[in-house]
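The values are calculated or read from the model by the stated rules, or taken from the named source; none is laboratory data. Predicted, not measured: the structure shown is a model, and the values here were computed from it. All Cβ positions, even for glycine, are placed from backbone atoms using ideal geometry, and neighbour counts span all protein chains on display. We work out accessible area using only protein heavy atoms, side chains counted, and drop any ligands, DNA or RNA first. Shrake-Rupley method; radii C 1.70, N 1.55, O 1.52, S 1.80 Å.
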Amino acid sequence: MFAVASLALAVGAATRWTPAGFKVYYLFGAVLNVPWLALGTVLLLARRPFARRAYLACLVAFTLASVALLAMAEVGAADLAGQVVPEGRDFLPADVRALAVLGNVVGTAVVVGGALASGYGLRHQRHLRARFEGNLLIALGVLLAAGGGLFAFLDRSDKLAAGLALGASVMYAGFRRASAPVRPAPPPHPARVVP
């Protein structure tokens, strides 16, 4: 989704924006990427199958609603003319922009909460230090990406691309750090024998 949004941005900024190109950019850049990213956290951490299925069902409904509302939004060539990065706030309906906020808030809460909970659980296990640090980087990356979506809502769409790029880079660094080979756990201290 980050790649699709980035490609739509590059094409729109380099040539000229079309309504379809802007909608693809907004859908994948500001609305859907963070809640779908949160699905990974739910699948990893939710212990009950019902919780995983419930989140997935809500996510599919959210995605369908987002696609439908954005497809129906009236965006004309005049709305996009002469802008390097168009401001969705100027012509997108409030319900579409509200979905961007909802998706970013819920997705960020899930991913950051999950990453912090995982990191907290690993904090005293020195041999899992890389996973602890990776989780914290992932949480930071999601905050940066979601911040880009928030800027798009607040009439600063030029900051969306920077937030997405920085967020994706930090998340990738976190993934790489968390995926580092695990050092063996230190042997337990031998029990003292009391004579």
- Name the residues in the range 65-78 that are over 12 Å from Leu27 (Cβ atoms) and either basic (Lys, Arg) or without any contact (Cβ under 8 Å) to a residue 24 or more places away in the chain (or both), would you? Met72, Glu74, Ala78
- Query: Between residues in the range 172-186 that are among the β-branched types (Val, Ile, Thr) and residues that are modelled with pLDDT of 90 or more and open to solvent by 70 Å² or more (accessible area, probe 1.4 Å), which pairs lie under 9 Å by C-beta distance while being six or more apart or on different chains?
  - Reply: none
- Output the number of the condition that Gly121 fails; it satisfies all remaining conditions of (1) part of a helix (DSSP H, G or I); (2) buried (at least 17 other Cβ atoms within 10 Å of the Cβ). (2)
- If we keep only residues of the range 86-106 that are open to solvent by 10 Å² or more (accessible area, probe 1.4 Å) and small (Gly, Ala, Ser), then the residue nearest to Gly167 (Cα to Cα) is Ala98
- Hits in the range 40-63 (condition: farther than 20 Å from Ser118 by Cβ and among the polar types (S, T, N, Q)): Thr63
- Task: Search the range 1-28 for residues that are among the aliphatic types (A, V, I, L, M) and pair each with any residue that is loosely packed, with under 15 Cβ neighbours inside 10 Å and not in a helix (DSSP H, G or I) when their beta-carbon atoms are under 9 Å apart and the residues are at least 6 apart or on different chains.
- Result: Ala13/Val84
- Test: residue in the range 144-157 that is at pLDDT 80 or above and either under 18 Å from Gly103 (Cα atoms) or not in a loop (DSSP other than H, G, I, E, B) (or both): yes
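Out of everything in the range 12-50 that is open to solvent by less than 10 Å² (accessible area, probe 1.4 Å) and among the small types (Gly, Ala, Ser), what residue ends up being farthest from Gln83 (Cα to Cα)? Spell out the reasoning first.
Taking the range 12-50 and keeping what is open to solvent by less than 10 Å² (accessible area, probe 1.4 Å), we get 12, 22, 25-26, 29-35, 38.
Checking the rest, the ones that are also among the small types (Gly, Ala, Ser) come to 12, 29-30, 38.
Numbers: Gly12: 9, Gly29: 17, Ala30: 18, Ala38: 32 Å.
Restricting to residues being open to solvent by less than 10 Å² (accessible area, probe 1.4 Å) and among the small types (Gly, Ala, Ser), the top hit is Ala38.
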- Task: Determine which single condition Arg97 fails, assuming it passes every other condition in (1) of a type outside the set (A, V, I, L, M, F, W, C); (2) under 13 Å from the mean Cα position of the chain (by Cα); (3) at pLDDT 85 or above.
- Result: (2)
